[in-house]
Amino acid sequence: MVAAILGTTLPLCRFHTMDREEIKANLRNHLHYLSVTLRDRSIYRPGNLQAAADYVFQNFAAMGYALGCDKIE
C-alpha cells in the first residue's frame, strides 16, 4: 500500500509555534527511525517497507492531513 495525501490544506498555526530546534529534533527522530530502526526498506524486506509506509501515513494523519491508501498491483 502507498499512502497518498488527498488534501493539501493544513492549519499552519502549529508549525508557526515550533522553533528551529524542535523542528530539527523532529526531523532527526524521523530520520533515525527510518534509517536506523527500520534500515532496509525494499521489496526484499516487505515488513520494513510496510512499516515505513505506516509510519509516514500516521505522521501525516497526526498533522491533520486527510489521507487514503491505494493498492498498487
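I'd like the full set of residues that are in a loop (DSSP other than H, G, I, E, B) and under 19 Å from Leu27 (Cα atoms), limited to region 41-73. Please lay out each step first, then the result.
If we filter region 41-73 for residues that are in a loop (DSSP other than H, G, I, E, B), which is where we start, we get 41-45, 63-66, 71-73.
Passing the criteria: Arg41, Met63, Gly64, Tyr65.
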Does Gln58 count as at pLDDT 90 or above, within 10 Å of the chain's Cα centre (by Cα) and either loosely packed, with under 10 Cβ neighbours inside 10 Å or of a type outside the set (Asp, Glu) (or both)?
yes
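Any residue at all in region 7-28 that's on the phi > 0 side of the Ramachandran plot, out of contact with any Cys (no Cβ under 6 Å at 6 or more places or on another chain) and modelled with pLDDT of 90 or more? Full working, then the answer.
Step one: list which residues in region 7-28 are on the phi > 0 side of the Ramachandran plot, which gives none.
The answer is no, given that none of the residues of region 7-28 is on the phi > 0 side of the Ramachandran plot, out of contact with any Cys (no Cβ under 6 Å at 6 or more places or on another chain) and modelled with pLDDT of 90 or more.
The values are calculated or read from the model by the stated rules, or taken from the named source; none is laboratory data. The model shown is predicted, which means the values in this text are computed figures rather than measured ones. All Cβ positions, glycine included, derive from the backbone under ideal geometry; neighbour counts span all protein chains shown.
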